[in-house]
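Here the structure is laid out as structure tokens; the discussion comes afterwards.
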Amino acid sequence: MSLKVLFVAEKNDTAKEISRIMSNNKYTRREGLSKLNKIYGFSCKMLNNDADITMASVSGHIMTIDFSLEFKSWEKHPPVSLFTAPIEDYCPEDSKPIVNTIVREAKENEMLVLWTDCDREGEYIASEIRHICLIANPSIKIYRARFSEITYASIHTAINQMEMINERLVAAVDCRKELDLRIGAAFTRFLSLRLQKVFPYHFPTNHVVSYGPCQFPTLGFVVDRCKQVEHFVPKKFYKLRTVVERGDTQVNFFWSRGGIQDRTETEQSQRGCNQQSVAIVYRVVSKSKSEPRPLPLNTVELEKKASRKLDMSAKQVMMIAEKLYTQGLISYPRTETNFFPPSFNLVPLVEEQTRAEQWGDTARHILRDSPTPSEGQKSDQAHPPIYPIKHTSSLQGNERKVYEFIARHFLACCHKDAQTSETTVEILVNKESFSASGLIITARNYLDVYPYDEWCDRRIPHFTQGERIQIEGCIEMIECETTPPSYLTEADLIQLMDEHGIGTDATHSDHIERIKMRGYVDVQLDGTLLPSKLGRGLVEGYTKIGHNLANSDLRAELERDLTDICVGKKEKNEVINFMVHRYKQVFTEISSHAILIDESLSNYFGPPKQLRIEYPHERDHYYWDSIKTQPKHLPHKCSYTTPSKQKSSSTRIRHSRMNQHPYIQSTQIPMTAVENDNNLELCYCGIPSILLTVRKAGPNTGKKFYTCNTSSCEYFVWDKTFEVQEGGYFMEKIPTSFSSRRDLVLCHCNYPAKLRTVDKDNLNKGRQFYNCTKQKGNACEFFQWEDDGPTLSIQYFKNNKSISDNPKGIKCKCGRLAKLRTVSKDGFNKGKDFYSCPKPIGGDCRFFKWAHEEQIMISNNLITSQIDTAKLLLCECGQLSKLMTCKEGSNKGRKYYGCPKKNGRWCGFFEWA
DNA sequence: GCAAGGTC
């Protein structure tokens, strides 16, 4: 009885090649449910058994992740919530035929062998396939085959040394995926939504201003280079030169000391030399040198060299390479490997190229000496270097250029190094040495087929050692200047990304393309990259806040953590928790200082067109989080105002804002600044905040709140000493003397409190205090020492609901007599009475109870079982809050109350149950 | 509408 075994590879190409090798070319092929992934069949020996093999494949990752439906809307939840929002795995539509094929085949086999690439992502893809197969066939035995190249020897070694999936590698990829999504999405939503509001003409609704941990460092490289160029200060330096005529040739002899910055010293040497009329040939040296042929081609080199030499972007090059690969013209183009394994048979590949009209001769020449490929050191342990498979002469345009480059490069590295002879002639003039050199290519070898390396002869006439040359005193001084570095080309950028570990070989060109698409960089006519106004403004804004998100160190640090997970030094959750916490802190600081980003962008885009501060719940959605997380007293980074200049009057405050703040000039929603002289509420900038009144019609009309006086931070707090209720009372904060205060002290029942004296024998004997005038049982719990500091005073207004409205003495959660109020908001419950805490909103205990039980109406969208009726809470927009459960994160399972509204109408109310 | 990573 034969073993029935299912093999699954990472891509169809690998599946086919493994099948070919293991079956000695005797395999069958049938269609799968996915057009691109065929199913191969063959028999072989496996674990000392006969085995019937079914070889299937996937196309990279099967599953992907995204936030749960609840968090898909950009407006429903603040971006900061994405740091902890639930994430779900799902199977995209185009993966379903692949999954269905694997499921079908897994049911038919007793063993599964995973042949995915031998890297971190390959290990993860293996785990995805395992997951699917186990659902289809829970008893299937699972093994992992590891191979570093697709050769007979490697495949047979892999099958005889099968292993288990390395869970650490899987955990590392899990970690990367989650962090990339959370961090990328949080910052992208935050920035997009903000700029859409602040610069609506430049960033209309739905315009995306993205952040990603790879794309932003890529932008950072471009910005850095641009700044290096701009800040470059040229320095003068001086050289000496003399020109010697020999026959028809003029030979430039340059001062052996090169260039020096000291002009006086150079002039002294020049004068000394010019006193001589004769130079002596001191030394003539000729030496042979090898000019090495290129290394076998990997992806990074293909992108770099082809984009340099073929006038194409790296992305274009890769897209064409992929097309050539699918046409069977070249090998797999995503590879890090730059050496051919010893077992690799190059001869048939070179033979194929003898058919080429332009380089066929070189191919024949290589075959005569047998190919000897150059050898690099890099390997991805999965793929060979890029080489041409079939010759074709039918390609046109850029496809032809890329194919020709790959073919010529392949032949060049199979050829021999070029040989040169370099001759250096040194002359002495007044003890100063001058030299000239020439270069002759003695054997072109690989250069015959590789025009991308530009070598040419630089001939020098014959000189004899000891020879005397007339120079006739013509030593000249040349004044030079140092020059700035050049702007980055795509090739330079790929080099930097490679060096700093930004992205992978397969994604470098994607990241470059993305920062072009987002409008962060512009491509110059010469192909170099310059940061756009947007790209530059963003990097400058983040840097001003103190978090340069464009720095590549952030990604490098994550890569180190991922490596630590792979080697068992760290745990996945440890890294996720740490990074989420850290980036959330960065996010909070950036969101509370985002004015600095606006400011940086306004340097390029002009003043913002819209007032940022409107009605609190219409402010940026991260507002809610910044209040909840209370990032108090961040370093003062405001640049607009100083506290001392704006304390005298409300009018002056407003003028100072209008004069100094570009946003205020285009205020669309009028606000009133209130007398603020004694305000000690400091905003996050550490300066006195301003007290404003909500003017916009809505449930909070007339309410007052403190916010940053310069709009430099996101500070926002409802004023707890003011409250305007329908027909209610008006509380005003006034510092009162103790004597004048006496008649005004009210208890929680809103009755004048009674002044009493402690008569018990204790430390407070004789001390006076206020409490409720009513008898025990009916009295509220108000208590206040008479000799305490300034307190609140209250003026009555008409129609105040009184104690008679709470005859049952219903108390709120903080022990005060609950206040009877009426729902004024339009809606199902308008006009209904309810009891709530008497304290102003913001400082209240959030107690809620309908005045008449029979009136209890629950919105249709709430399910009764979800509501803890003992704790009905009103959210900030007047709705009954909804009891919900955290689905993920450190608070998983913990219940909380939140605003029940959806679709961007969510008010931000939140309280742990 | 957001990230980065596979592959096609």
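Can you tell me which condition A:Asp50 does not meet? The list is (1) under 21 Å from A:Lys11 (Cα atoms); (2) more than 35 Å from the chain's Cα centre (by Cα), and all the others hold.
Only one criterion in (1) under 21 Å from A:Lys11 (Cα atoms); (2) more than 35 Å from the chain's Cα centre (by Cα) is unmet by A:Asp50, namely (1).
Suppose we keep only residues that are within 16 Å of DNA strand B (Cβ to nearest atom) and either more than 35 Å from the chain's Cα centre (by Cα) or among the hydrophobic types (A, V, I, L, M, F, W, C) (or both) within segment A:102-131. Which one would you say is modelled with the lowest pLDDT?
As a first pass, look at segment A:102-131 and keep what is within 16 Å of DNA strand B (Cβ to nearest atom): A:102, A:114-129, A:131.
Pick out the ones that are also either more than 35 Å from the chain's Cα centre (by Cα) or among the hydrophobic types (A, V, I, L, M, F, W, C) (or both) and you get A:102, A:114-115, A:118, A:125-126, A:129.
Numbers: A:Ile102: 97, A:Leu114: 98, A:Trp115: 97, A:Cys118: 87, A:Ile125: 98, A:Ala126: 98, A:Ile129: 98.
It comes out as A:Cys118.
Of all residues in segment A:37-52 being surrounded by 15 or more Cβ atoms within 10 Å (Cβ to Cβ) and either among the basic types (Lys, Arg) or not in a strand (DSSP E or B) (or both), which is farthest from DNA strand B (Cβ to nearest atom)?
Among residues in segment A:37-52 that are surrounded by 15 or more Cβ atoms within 10 Å (Cβ to Cβ) and either among the basic types (Lys, Arg) or not in a strand (DSSP E or B) (or both), the one farthest from DNA strand B (Cβ to nearest atom) is A:Lys38.
How many residues are in a helix (DSSP H, G or I), in contact with a Ser or Thr (Cβ under 9 Å, 6 or more places away or on another chain) and of a type in the set (S, T, N, Q) when one looks only at segment A:215-271?
So the count comes out to 1.
So A:Arg293 passes all but one of these: (1) in contact with a helix residue (DSSP H, G or I) (Cβ under 8 Å, 6 or more places away or on another chain); (2) free of Cβ contacts under 8 Å to residues at least 60 places away in the same chain; (3) not polar (S, T, N, Q). Which condition number does it fail?
Single failed check for A:Arg293: (2).
Are any residues in segment A:510-565 over 17 Å from A:His500 (Cβ atoms) and of a type in the set (Ser, Thr, Tyr), and if so, which ones?
A:Tyr520, A:Thr528, A:Ser532, A:Tyr542, A:Thr543
Those residues that are touching an Asp or Glu at 6+ places or on another chain (Cβ under 9 Å), near DNA strand B (Cβ under 7 Å from one of its atoms) and aromatic (Phe, Trp, Tyr), I need them from segment A:53-92; list them, please.
If the condition is that a residue be touching an Asp or Glu at 6+ places or on another chain (Cβ under 9 Å), near DNA strand B (Cβ under 7 Å from one of its atoms) and aromatic (Phe, Trp, Tyr), then A:Phe67 is the only one that fits.
Looking at A:Leu169, A:Leu181, A:Leu219, A:Leu134, which one is aliphatic (A, V, I, L, M), modelled with pLDDT of 95 or more and within 9 Å of DNA strand B (Cβ to nearest atom)?
Details: A:Leu169 fails: within 9 Å of DNA strand B (Cβ to nearest atom); A:Leu219 fails: within 9 Å of DNA strand B (Cβ to nearest atom); A:Leu134 fails: within 9 Å of DNA strand B (Cβ to nearest atom).
Only one candidate passes the filter, namely A:Leu181.
Restricting to segment A:226-248, name every residue that is surrounded by fewer than 11 Cβ atoms within 10 Å (Cβ to Cβ) and farther than 30 Å from A:Ser486 by Cβ.
The answer is A:Gly247, A:Asp248.
Kindly evaluate A:Tyr520 against the criterion of being in contact with a Pro (Cβ under 8 Å, 6 or more places away or on another chain) and modelled with pLDDT of 95 or more. It would help to see each step written out before you state the result.
Working: in contact with a Pro (Cβ under 8 Å, 6 or more places away or on another chain): yes; modelled with pLDDT of 95 or more: yes.
When the stated conditions are applied, A:Tyr520 passes them.
Starting from segment A:457-485, keep only residues that are over 19 Å from A:Arg271 (Cβ atoms) and aromatic (Phe, Trp, Tyr), then list their pairs with residues that are at pLDDT 90 or above and outside any loop (DSSP other than H, G, I, E, B) whose Cβ atoms are within a distance under 6 Å, requiring at least 6 positions of separation or different chains.
Every condition considered, the pairs that remain are A:Phe463/A:Val281; A:Phe463/A:Val284; A:Phe463/A:Val425.
Could you give every pair whose Cβ atoms fall below 7 Å, whose first residue belongs to segment A:23-36 and is in contact (Cβ under 8 Å) with a residue 24 or more places away in the chain and surrounded by 10 or more Cβ atoms within 10 Å (Cβ to Cβ), and whose second residue is part of a loop (DSSP other than H, G, I, E, B) and of a type in the set (Lys, Arg), counting only separations of at least 6 or pairs across chains?
Partner pairs satisfying both residue conditions: A:Gly32/A:Lys38.
Which ones in segment A:319-332 are surrounded by 20 or more Cβ atoms within 10 Å (Cβ to Cβ), farther than 16 Å from A:Cys413 by Cβ and more than 9 Å from DNA strand B (Cβ to nearest atom)?
The initial filter retains those residues of segment A:319-332 that are surrounded by 20 or more Cβ atoms within 10 Å (Cβ to Cβ), namely A:320-321, A:324, A:329-332.
Subset that is farther than 16 Å from A:Cys413 by Cβ: A:320-321, A:324, A:329, A:332.
Passing the criteria: A:Ile320, A:Ala321, A:Leu324, A:Leu329.
Please enumerate the residues belonging to segment A:498-510 that are buried (at least 24 other Cβ atoms within 10 Å of the Cβ), assigned to a helix (DSSP H, G or I) and near DNA strand B (Cβ under 9 Å from one of its atoms).
A:His508
Can you tell me which residue is surrounded by the fewest Cβ atoms within 10 Å (Cβ to Cβ) among those in segment A:378-402 that are in a helix (DSSP H, G or I) and within 16 Å of DNA strand B (Cβ to nearest atom)?
Among those that are in a helix (DSSP H, G or I) and within 16 Å of DNA strand B (Cβ to nearest atom), it is A:Glu399.
List every residue pair whose Cβ atoms lie under 6 Å apart, where the two residues are 6 or more positions apart in sequence or sit on different chains, the first residue falls within segment A:501-519 and is without any contact (Cβ under 8 Å) to a residue 24 or more places away in the chain, and the second residue, located anywhere, is near DNA strand B (Cβ under 7 Å from one of its atoms) and outside any loop (DSSP other than H, G, I, E, B).
Within 6 Å, no pair qualifies.
What tally of residues in segment A:184-205 results from selecting those that are β-branched (Val, Ile, Thr), within 8 Å of DNA strand B (Cβ to nearest atom) and modelled with pLDDT under 95? Spell out the reasoning first.
Initial filter on segment A:184-205 (β-branched (Val, Ile, Thr)): A:188, A:198, A:205.
Add one more test, that the residue is within 8 Å of DNA strand B (Cβ to nearest atom), and what stays is A:188, A:205.
Filter again for modelled with pLDDT under 95, leaving A:205.
Residues meeting the conditions: 1.
Among the residues of segment A:523-549, count how many are free of Cβ contacts under 8 Å to residues at least 12 places away in the same chain and touching a Cys at 6+ places or on another chain (Cβ under 7 Å).
0
Pairs please, first residue from segment A:321-335 and of a type in the set (Gly, Ala, Ser), second anywhere and near DNA strand B (Cβ under 9 Å from one of its atoms) and outside any loop (DSSP other than H, G, I, E, B), Cβ atoms under 9 Å, 6+ apart in sequence or on different chains.
What qualifies is A:Ser331/A:Tyr325.
Can you pull out every residue in segment A:128-150 that is assigned to a loop (DSSP other than H, G, I, E, B), touching a helix residue (DSSP H, G or I) at 6+ places or on another chain (Cβ under 7 Å) and of a type in the set (D, E, K, R)?
A:Arg146, the sole residue that qualifies.
So which of A:Leu530, A:Leu534, A:Leu525, A:Leu538 ends up being of a type in the set (A, V, I, L, M), modelled with pLDDT of 95 or more and not in a helix (DSSP H, G or I)?
Working: A:Leu534 fails: not in a helix (DSSP H, G or I); A:Leu525 fails: modelled with pLDDT of 95 or more; A:Leu538 fails: not in a helix (DSSP H, G or I).
One residue alone meets the criteria, A:Leu530.
When you look at A:Ile18, is it of a type in the set (Val, Ile, Thr), within 14 Å of DNA strand B (Cβ to nearest atom), over 17 Å from A:Asn109 (Cα atoms) and assigned to a loop (DSSP other than H, G, I, E, B), yes or no? Steps first, please.
Details: of a type in the set (Val, Ile, Thr): yes; within 14 Å of DNA strand B (Cβ to nearest atom): yes; over 17 Å from A:Asn109 (Cα atoms): yes; assigned to a loop (DSSP other than H, G, I, E, B): no.
No: the conditions fail for A:Ile18.
The values are calculated or read from the model by the stated rules, or taken from the named source; none is laboratory data. Not measured: the values here are computed from a predicted model. Please note: Cβ atoms are built from the backbone with ideal geometry, for glycine as well, and neighbour counts cover all protein chains shown.
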